[in-house]
Amino acid sequence: MDGNGRWAKKRHLPRVVGHQRGVEAVRKLVRAARAMGLEALTLYAFSTENWRRPEDEISALMGLLKRFILSDLEEFAADNVRLKIIGDYKALPVDIVELIEGAVARTASNTGSTLAVALNYGAQDEIARAARAAAAKGEITPETIAAELDTADLPPLDLLIRTSGEIRLSNFLLWQAAYAEMWFTEVLWPDFTPAHLEEALAAFADRERRYGGR
């Protein structure tokens, strides 16, 4: 979900305003994804590298995360959405960890769509953790590593979307993206709408997936 800062800069606004608009875009997209029947949606909210940002921006991001959980949890519960967190979220501030764990527990039995949020997430860290866990249990194979990934209980990744004109993965779902289709757009995240999601899904539907075959 890239481009919040650039969106704000283009309008001569503080970066936090871009993040606020980004949260509004998240709400619209989560609702649209449910309406479209998507089984799972994963959002890259805070990476392991984002700790390098200025402290005031990190604080603002954490505040937005808290407000998002507090304001949207009841809607998730009512709509049968399961909330899942991937990444080392326990390294976040204690009050946020408690909110996250309460929200995850509250929605754990929901059987509709899954909203996975990547918090303090980095794919290289995830793979390293999974490999250590697999090694502790015995043989290291692609299957045993995959079973230890944060996403082990999610369906295979079909489509990876990146906004704002950046054409790279930036340490997101590297293992899972091995055979995923990718869709890049110049649209900045705060301007990303359900119509853009529909466009990405339409492009995905037109592609032939061969998984290395002919």
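Taken together, the values in this text are just the output of simple stated rules run on the coordinates, not laboratory data. None of the values given here were measured: they were computed from a predicted structure. Neighbour counts run over all protein chains shown; Cβ positions are idealised from the backbone, glycine included.
Just a few scattered comments:
- Theoretical gain in end-to-end length, residue 56 to residue 17 [0.36 nm per residue, Cα-Cα removed]: 12.8 nm
- Put simply, when 41-52, 131-142 are sorted by average Cβ atoms within 10 angstrom per residue, most first, you get 41-52, 131-142.
- Measuring r between the beta carbons of residue 109 and residue 9 and using R0 = 41 Å, the FRET efficiency lands at 0.45.
- Comparing 37, 22, 112 in a Gaussian network model of the chain, where Cα atoms under 10 Å apart are tied by springs, the biggest mean-square fluctuation is seen for 37.
- 17 Å Cα-Cα reach of residue 84 towards aspartates and glutamates, excluding residues that sit fewer than 8 places from it in its own chain: 39, 72, 74, 75, 98, 101, 126, 148, 150, 153
- The ellipsoid that matches the Cα gyration tensor of the chain has semi-axes, each √(5λ) in whole angstrom, of 26, 22, 19, with the longest given first.
- Relative contact order [Cα under 8 Å, 6+ residues apart], the chain, whole percent: 26 percent
- Here r is the Cβ-Cβ distance between residue 31 and residue 139 and R0 is 41 Å; the resulting FRET efficiency, rounded to 0.05, is 0.45.
- Of 66/137; 28/90; 28/137, those spanning more than 30 Å from alpha-carbon to alpha-carbon: 66/137; 28/137
- In whole percents, the pair-distance distribution calculated for the stretch 85-175 from its alpha-carbon pairs, binned every 5 Å from zero, is 2, 12, 19, 20, 20, 17, 8, 1, 0.
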